[in-house]
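Below you'll find the structure, written out as structure tokens, and then a few comments.
Just so it is clear, none of the values below were taken in a lab; they were calculated from the coordinates. Note that the structure is predicted; figures quoted are calculated from it, not measured. Note that each Cβ is placed from the backbone with ideal geometry, even for glycine, and that neighbours are counted across all protein chains shown.
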């Protein structure tokens, strides 16, 4: 089997590369290190590309920009895939406002290029699209909430398991990132429903893991661990630090892709995140990091929240569990944080040794 992974040096993309390479499949990665353009040198994933290429057997990188329609078409024509894992994106809620054209071209137009290349050159392939919970905009904030000592919580028992796929995606503030990802999300659905392609759309909560190149504007848990280990200051944006997110480790996301690839449901949409068990507020994550590592987080509480940001977001996983009962969350939040601390401490030790 031939698998094309976009954003192959990123968090989810690299996990997908390792997964299908280990299975003996041919894996082609599309990546041109756009994260360094978005976030500067600290956001670069070049290090991960080099590590992947040295540690895999059946993987190669195509240095290609998904905005390059003809380049994408040529790749799919010459190497038609059986499976596409589409993870490439401009991923920052905040950065998008400063680069609106680039954000939309990468997230929406890039996705269209990949879908059309699939339709023309690999119509039987399965296409897994990594979307985001930001397609719901701030509609989840309309649910009644109650303020507890360390977190915001759903006030109504019926909302306990979180946001499901019936949450509306229009008439709500998304951020420009959320808007461009909504366009891509609907396109992926349409290529399944209108053209019959085997597309699946996965609306991610907080996707994370030890190989995440977290920065202040994206990848909050990874960046939080980084500042804890390095002693850098950290600013929490609004909501008293009680905003809740559900964390899912990258390998659990890839397992969901694998389940869908074996039994695709064209045009379907699934919320995917850590769910209730892996949900925690920023303050609770800080406490866990300090408890596990012994490092203190030097944080301040900012008054202003990010526009369109969620106050309490937990992914309701009922639909994904119903359609793919062999899939479930395997990596706990405590294990995620422990792995991230170990990886960050290893980086810090290596930097100190060479510096």
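Hey, with R₀ at 30 Å, roughly what FRET efficiency would residue 54 and residue 318 work out to, going by the Cβ-Cβ distance, to 0.05?
0.15
Using 0.36 nm per residue, how much length does the chain from residue 42 to residue 303 gain when fully extended, once their Cα-Cα distance is taken away? Mind showing how you got there, number by number?
Numbers: separation 261, 0.36 × 261 = 93.96 nm, distance 2.65 nm.
Between residue 42 and residue 303, full extension yields 91.3 nm more.
Between segment 147-226 and segment 112-142, what's the alpha-carbon centroid distance in Å?
Using only Cα atoms, the two centres lie 12 Å from each other.
Defining a contact as two alpha carbons under 8 Å apart and six or more residues distant in sequence, what relative contact order in percent does the chain show?
It comes to 18 percent, rounded to a whole number.
Comparing 158, 319, 134, which has the greatest mean-square fluctuation in the GNM of the chain with Cα pairs linked when under 10 Å apart?
Highest fluctuation of the listed residues: 158.
Quote the Stokes-Einstein diffusion coefficient, in whole µm² s⁻¹, for segment 183-303, based on the Kirkwood radius over alpha carbon pairs, a temperature of 10 °C and a viscosity of 1.306 mPa s.
98
Name the residue, out of 270, 223, 324, whose mean-square fluctuation peaks in a Gaussian network model built on the chain with Cα pairs under 10 Å.
Between 270, 223, 324, it is 324 that shows the largest mean-square fluctuation.
Which ordering of 303, 249 is given by a fewest-first count of other beta-carbon atoms within 10 Å? Walk me through the intermediate numbers first.
On the way: 303 7, 249 26.
Ascending number of Cβ neighbours within 10 Å: 303, 249.
Using only the Cα atoms of segment 57-207, what do you get for the radius of gyration and for Dmax, in Å?
Radius of gyration, then largest Cα-Cα span, for segment 57-207: 17.6, 57 Å.
Arranged by the count of other C-beta atoms within 10 angstrom, fewest first, what order do 129, 86, 310 take?
Ranked by crowding around the Cβ, least crowded first: 310, 129, 86.
Evaluate the Kirkwood expression for the hydrodynamic radius of segment 1-44, namely the inverse of the mean inverse distance over all pairs of different C-alpha atoms, and round to one decimal in Å. Mind showing how you got there, number by number?
Numbers: mean 1/r = 0.0925 Å⁻¹.
Hydrodynamic radius (Kirkwood, Cα only) of segment 1-44 equals 10.8 Å.
Run the numbers for residue 158 and residue 79: contour at 0.36 nm per residue of separation, minus the present Cα-Cα distance, in nm.
23.7 nm
Counting just the Cα atoms, what span does segment 2-354 cover along each of its three principal axes? Round to the nearest Å and put the largest first.
Projected onto the principal axes, the Cα atoms of segment 2-354 cover 55, 53, 41 Å.
Could you put 138, 170 in order, starting from the residue whose Cβ has the fewest other Cβ atoms within 10 Å?
Details: 138 17, 170 10.
Taking fewest neighbouring Cβ atoms as first place, the list is 170, 138.
Rounded to the nearest 500, what is the 222 nm mean residue ellipticity of the chain from helices alone, with -39500 (n - 2.57) per DSSP H run of 4+ residues and division by all residues?
Per the formula, -12000 deg cm²/dmol.
Which percent, nearest 5, of DSSP beta bridges in the chain are antiparallel?
In the chain, approximately 15 percent of DSSP beta bridges are antiparallel ones.
Of the residues 247, 171, 90, which exhibits the maximal mean-square fluctuation in a Gaussian network model of the chain defined by a 10 Å Cα contact cut-off?
171
Please say if segment 38-104 is rounded, prolate or oblate, where rounded means a/c under 1.5 for a ≥ b ≥ c the square roots of the C-alpha gyration tensor eigenvalues, and otherwise the choice is prolate for a/b larger than b/c and oblate otherwise?
Note, shape of segment 38-104 comes out oblate.
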